[in-house]
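Peer 1: One structure, as structure tokens, below. Some questions next.
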Amino acid sequence: MLGQTGQFFVLLGLAAAAAGAVTGFGAGATRSATGWLWARRFAYLFSFSMLMANVVMVYALLTHDFSVRYVAQVGSLASPAYITFVSLWSSLEGSILFWGFILGGYVAAATWLNGEENPSTMPWAVGTWLAVATFFCFLLAGPANAFLPAPVPVPLDGPGPNPLLQNHILMVVHPPTLYLGYVGMTIPFGIGVGALFAGRLEASQLVPLRRWLLVSWGFLTVGITLGGWWAYEVLGWGGYWAWDPVENASLLPWLTATAALHAALLPHRRGALKGWTVTLVLASFLLTVLGTFMTRSGVFNSVHSFSQSDIGPTILVFLAIALVFSVVLLALRIDKLEGEGAVTSPVSRESAFLLNNLLFVALTFTVLVGTTFPLLAEAFKGVKLSVGEPYFNRMAVPIGVAILFLMGVGPALPWGQASGERVRSQVVPPLVVGLVTAGLVVAFGFREPWSVLALGCAGFAGAVTLREMFAPVTAQARASAAAGGAGGVGGWFAVMPRALAASHRRTGGYIVHAGIIAMIVGIATSSAYSVDAELRLAKGECKPFEDYDVCFLEARFVKESHRTMSIADMRVTRGSDVDLVSPALATYPRMGTPIGSPDVRTTPGYDLYVSVLSLDPEAVAVHIFQKPLVVWIWLGCAIAGLGTTLSLVPARMMRGFVASPAVAASPVAEVAGK
Amino acid sequence: MSDFLARIAAAVTSAGLPVDASGAAWVLGWTVGVIGLSGLGLSLRGKVNLGVWFGGIAVVAPLVLVLALGFQNDPHQIDSPLVGKPAPDFNLTPFDGGAPVRLSEQRGKPAVINFWATWCVPCKTEHPVLVAVARRLAGKANFFGVVYQDEPVKIAAWLGKMGGGYPQLLDVGSKAAIAYGVYGVPETYIVDSNGVITYKFTGPVDAASLLQQLSPMVTP
């Protein structure tokens, strides 16, 4: 019964999306107001159907209705309720259903928020979103149907979801966040396609384009980092990033979207590079489809691969159609978009942005080539090889450091022409900060050249970021002191909240920069200066590791409803600090190989990371790591997420906070608009 | 209705895309040719940005080709270094008692050695295949199940439900599994009549591939 209801909503969604796509494109071409109205109605109907289909599936999962095949595949009476809920996206069919739900949410929100603006381009955008929706509904109705009946006789219990997904609470958060990032790229894609069809890209389109791009960028950033954090907390190899094909697949759209976010400021400010901006937006979406293919086709082997399935070719056909469509549309229409402005000065913020864009695109190609090269080698030479970390690190680290350097240069330079003196006064002081930082880390004992360079650049970029972030505060503090207000440090702090809020998008942008810089510091330090050892300890035995003393106290074996935990209780002593750690191995009935459950002790300076390799009542083998500054990565990501959120707050919500006569007349607006 | 859609989808997935290299290259070659030529045609009328057109083709075509070629390979198939080498010998006792089986004494007939466990889900799907093929080749090939990290009681219950037909050996201490470099269950090794490993299956076997490996070695 639930199966049929779910099927009904999937088919309703398919019909609504297909009808809406046709109506949207028709309304775009004919400028029919009725067509436009109906396209929006179909968009809402599609969103509603996806919501209902997901509600039905969640209900089926929570009530353990094993007559639905998907529930029989991933459900289990023994699983706790939250894990049952997570099962919605734990396997192929459910994850695509959930994908449809998120797409429905985005389409409804974007139609609602932006549907009244730009009547000449929005119908194209809605048509494009619904064309993408049609494809996913087609997958749900056919090759990845989650609502098919279970084979008769209906099983009495199921195996539960993939054990890897049951092991950590982050698995409840990481996939949906990443999906929000991935699926969200559909919205800017539609707006870009609309701009190409209509042959114009103006401020009224650039604002929603940038907002939606920023929404998915934020989710993608957080989702990728959460994935790294999960890998770090669960997989037990002491790392957070392995250049795994599917990790790369999520990085690719992030890189182009980052480039696009910066590029989109140029047409906004200078009327330049409209075609380039749209190209990057289209590429970001296409790379999310590529990522979907990589995860779900079974062509790549990875911790993320869903089981072998036959939807790979279908997604590849969709990817090919989307690629050809985008290339042809760009080639036919890009010349219509070229604006009146141009980048003229070689030393200006816009040329720094251009260089940043080129580096991001170069990095995208580097990662793309490295990820697909094994396929190429196997197809033509028949050898199995994997392009490992050395390739990616060798290629990505220099580009990454150059981007970090530009992160300092760009904001330090003004828009338009910059005089030599201005450049010197803006760039030299932060450059000194960077050099001092590099000197300090060398004095601290860092010797690896790339990490010293990266940290020096981080110091430079960090100094510029903080100065720019607080520039409006300084300007306003001066103005208010001149007007007779409180001067000095007290005055500066008094005006700070309002001054930052008055230009909250700009402030948010610099907060994101600060977060990314913190992440890079964490990555550079933890990858270059981590130490580790494998220890084998008998019960009661102690061995030294760095300046710790590590003892194995006893082994415990705890049977839970859905798994068995083998826990090694250990004591780690450092000077007078005594800490009990309990790394464990989890064994799930469905999976032979046990899954690690390392114990991570985090401090601001470094993490102590203990992971069990093997355990029996009398002895344990552990892999123990000391990794510096790992926590900076997670904190940096949180800061970047907060900055993104601040940038997205609607101006009218900020206005109440800012509204004050002193602010209105201050030079803040001028500085913010600089 | 949904049945109809599922059928269309199946047609698209099975017939829509030629997954062998020459087929993919053929389709792609034609597509690129047609798109390229139409670009040139449109450019005569001044309507198209040729740089984007051909730049796009130059990026897109190889990418799609490489991805399409990926379907030929199974990334989970890890070639065993043991293929072509003598099969490591073992001397294991059946789980239900009985005389131990020494592999080196079984030469003269090809052998199928299947590593499995009762807790392994794919093992359930492949077991009927192994039983059927073993019955079909009875007397012409030896079949051995080696049960990995398991208990006799569970094995007896599992085989009672799933059916048996050939010796199921208990791998105490996983010694055989280690000697064969078993990465996960199920794994199946084909050994020829001289005791040399000729093939390794990772994951569940299917009847066609199993017979394809065995038929050249089996005396008719």
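The values are calculated or read from the model by the stated rules, or taken from the named source; none is laboratory data. This one's a predicted model, so the numbers in the text were calculated from it and none came from an experiment. As a convention, Cβ positions derive from the backbone with ideal geometry for all residues, glycine included, and neighbour counts pool all protein chains shown.
Peer 1: Which condition number in (1) closer than 24 Å to residue A:248 by Cα; (2) more than 11 Å from chain B (Cβ to nearest Cβ); (3) buried (at least 21 other Cβ atoms within 10 Å of the Cβ); (4) at pLDDT 80 or above is the one that residue A:370 fails?
Peer 2: Status for residue A:370: all satisfied but (3).
Peer 1: From the residues in region A:540-574 that are touching a Pro at 6+ places or on another chain (Cβ under 8 Å) and surrounded by 15 or more Cβ atoms within 10 Å (Cβ to Cβ), which one is farthest from residue A:625 (Cα to Cα)?
Peer 2: Per the stated criteria, the residue is A:562.
Peer 1: Taking region A:102-130 as the region of interest, how many residues are assigned to a helix (DSSP H, G or I) and surrounded by fewer than 24 Cβ atoms within 10 Å (Cβ to Cβ)? Break it down into steps so the answer makes sense when it comes.
Peer 2: Here is the first cut: in region A:102-130, the residues assigned to a helix (DSSP H, G or I) are A:102-114, A:122-130.
Within this subset, residues satisfying the condition of being surrounded by fewer than 24 Cβ atoms within 10 Å (Cβ to Cβ) are A:102, A:105-106, A:108-109, A:112-114.
Summing the residues that are assigned to a helix (DSSP H, G or I) and surrounded by fewer than 24 Cβ atoms within 10 Å (Cβ to Cβ) in region A:102-130 gives 8.
Peer 1: Sort out which residues of region B:137-178 are within 13 Å of chain A (Cβ to nearest Cβ), at pLDDT below 85, over 17 Å from residue B:87 (Cβ atoms) and not in a helix (DSSP H, G or I), and write them in order of number.
Peer 2: Across region B:137-178, the qualifying residues are B:149, B:150.
Peer 1: Test residue B:82 against the criterion of being in contact with a strand residue (DSSP E or B) (Cβ under 8 Å, 6 or more places away or on another chain), touching a residue at least 60 places away in the same chain (Cβ under 8 Å) and not in a helix (DSSP H, G or I), and give yes or no. Walk me through how you get there before you give the answer.
Peer 2: Numbers: in contact with a strand residue (DSSP E or B) (Cβ under 8 Å, 6 or more places away or on another chain): yes; touching a residue at least 60 places away in the same chain (Cβ under 8 Å): yes; not in a helix (DSSP H, G or I): yes.
Taking the combined requirement at face value, the residue satisfies it.
Peer 1: Within region A:120-136, is there a residue that is more than 28 Å from the chain's Cα centre (by Cα) and without any contact (Cβ under 8 Å) to a residue 24 or more places away in the chain?
Peer 2: Scanning region A:120-136, I find no residue that is more than 28 Å from the chain's Cα centre (by Cα) and without any contact (Cβ under 8 Å) to a residue 24 or more places away in the chain, so the answer is no.
Peer 1: Sticking with this one: Looking only at region A:73-86, decide whether some residue is surrounded by 20 or more Cβ atoms within 10 Å (Cβ to Cβ), touching an Asp or Glu at 6+ places or on another chain (Cβ under 9 Å) and over 26 Å from residue A:312 (Cα atoms).
Peer 2: Yes, region A:73-86 contains at least one residue that is surrounded by 20 or more Cβ atoms within 10 Å (Cβ to Cβ), touching an Asp or Glu at 6+ places or on another chain (Cβ under 9 Å) and over 26 Å from residue A:312 (Cα atoms).
Peer 1: Which pairs do you get when a residue that is within 17 Å of residue A:398 (Cβ to Cβ), found in region A:520-542, comes within reach of a residue that is outside any loop (DSSP other than H, G, I, E, B) and hydroxyl-bearing (Ser, Thr, Tyr), reach meaning Cβ atoms under 6 angstrom, with the pair 6+ apart or on two chains?
Peer 2: From region A:520-542, the pairs are A:524/A:451; A:528/A:451.
Peer 1: Quickly run through region A:575-590 and pick out the residues that are buried (at least 19 other Cβ atoms within 10 Å of the Cβ) and not hydroxyl-bearing (Ser, Thr, Tyr).
Peer 2: Answer for region A:575-590, where residues must be buried (at least 19 other Cβ atoms within 10 Å of the Cβ) and not hydroxyl-bearing (Ser, Thr, Tyr): A:581, A:583, A:584, A:585, A:586.
Peer 1: Among the helices (runs of 4 or more DSSP H) confined wholly to region A:620-674, which include 2 or more residues that are modelled with pLDDT under 90 and closer than 30 Å to residue A:223 by Cα?
Peer 2: Working: elements: A:630-648, A:651-658, A:661-664, A:668-672.
Those helices (runs of 4 or more DSSP H) span A:651-658.
Peer 1: Now for a separate question. Given the criterion out of contact with any strand residue (DSSP E or B) (no Cβ under 6 Å at 6 or more places or on another chain), within 15 Å of residue A:136 (Cβ to Cβ), touching a residue at least 12 places away in the same chain (Cβ under 8 Å) and not polar (S, T, N, Q), identify the matching residue among A:25, A:46.
Peer 2: On the way: A:25 fails: within 15 Å of residue A:136 (Cβ to Cβ).
One residue alone meets the criteria, A:46.
Peer 1: Residues of region A:313-338 being more than 9 Å from chain B (Cβ to nearest Cβ), under 14 Å from residue A:274 (Cα atoms) and touching a Ser or Thr at 6+ places or on another chain (Cβ under 9 Å), which ones? Explain how you work it out, then say what you get.
Peer 2: Start the filter on region A:313-338 by keeping residues that are more than 9 Å from chain B (Cβ to nearest Cβ), which leaves A:315, A:318, A:321-322, A:325, A:329, A:336-338.
Subsequent filtering for residues that are under 14 Å from residue A:274 (Cα atoms) retains A:336-338.
Across region A:313-338, the qualifying residue is only A:337.
Peer 1: So if I check each of A:11, A:61, which one is within 14 Å of another protein chain (Cβ to nearest Cβ), over 18 Å from residue A:186 (Cβ atoms) and within 33 Å of the chain's Cα centre (by Cα)? If you could, list the steps in order and put the result at the bottom.
Peer 2: Details: A:61 fails: within 14 Å of another protein chain (Cβ to nearest Cβ).
One residue alone meets the criteria, A:11.
Peer 1: May I ask you to list pairs of residues, at least six apart or on different chains, whose Cβ atoms are under 9 Å apart, with the first in region B:179-206 being assigned to a strand (DSSP E or B) and the second being buried (at least 21 other Cβ atoms within 10 Å of the Cβ) and of a type in the set (Asp, Glu)?
Peer 2: As it stands, the answer is B:188/B:126; B:200/B:187; B:201/B:126; B:201/B:187; B:202/B:187, since those pairs meet every condition given.
Peer 1: Something else about it: Inspect all residues belonging to region A:199-207 and state whether any of them is in contact (Cβ under 8 Å) with a residue 60 or more places away in the chain, surrounded by 21 or more Cβ atoms within 10 Å (Cβ to Cβ) and either out of contact with any strand residue (DSSP E or B) (no Cβ under 9 Å at 6 or more places or on another chain) or in a helix (DSSP H, G or I) (or both). Before the answer, list the steps.
Peer 2: So the first thing to find is which residues in region A:199-207 are in contact (Cβ under 8 Å) with a residue 60 or more places away in the chain, and the list is A:199-201, A:203-206.
Filter once more, keeping what is surrounded by 21 or more Cβ atoms within 10 Å (Cβ to Cβ): A:201, A:205.
Add one more test, that the residue is either out of contact with any strand residue (DSSP E or B) (no Cβ under 9 Å at 6 or more places or on another chain) or in a helix (DSSP H, G or I) (or both), and what stays is A:201, A:205.
There is at least one residue in region A:199-207 that is in contact (Cβ under 8 Å) with a residue 60 or more places away in the chain, surrounded by 21 or more Cβ atoms within 10 Å (Cβ to Cβ) and either out of contact with any strand residue (DSSP E or B) (no Cβ under 9 Å at 6 or more places or on another chain) or in a helix (DSSP H, G or I) (or both).
Peer 1: Taking residue A:434, is it of a type outside the set (A, V, I, L, M, F, W, C) and in contact with a Cys (Cβ under 7 Å, 6 or more places away or on another chain)? Break it down into steps so the answer makes sense when it comes.
Peer 2: Numbers: of a type outside the set (A, V, I, L, M, F, W, C): yes; in contact with a Cys (Cβ under 7 Å, 6 or more places away or on another chain): yes.
Considered against the rule, which asks whether it is of a type outside the set (A, V, I, L, M, F, W, C) and in contact with a Cys (Cβ under 7 Å, 6 or more places away or on another chain), residue A:434 comes out as yes.
Peer 1: Here is a list: B:60, B:64, B:34, B:27. Which entry is under 25 Å from residue A:336 (Cβ atoms), facing another protein chain (nearest Cβ under 10 Å) and at pLDDT 55 or above? Outline the logic, then answer.
Peer 2: On the way: B:64 fails: under 25 Å from residue A:336 (Cβ atoms); B:34 fails: facing another protein chain (nearest Cβ under 10 Å); B:27 fails: under 25 Å from residue A:336 (Cβ atoms).
Criteria check complete, one pass: B:60.
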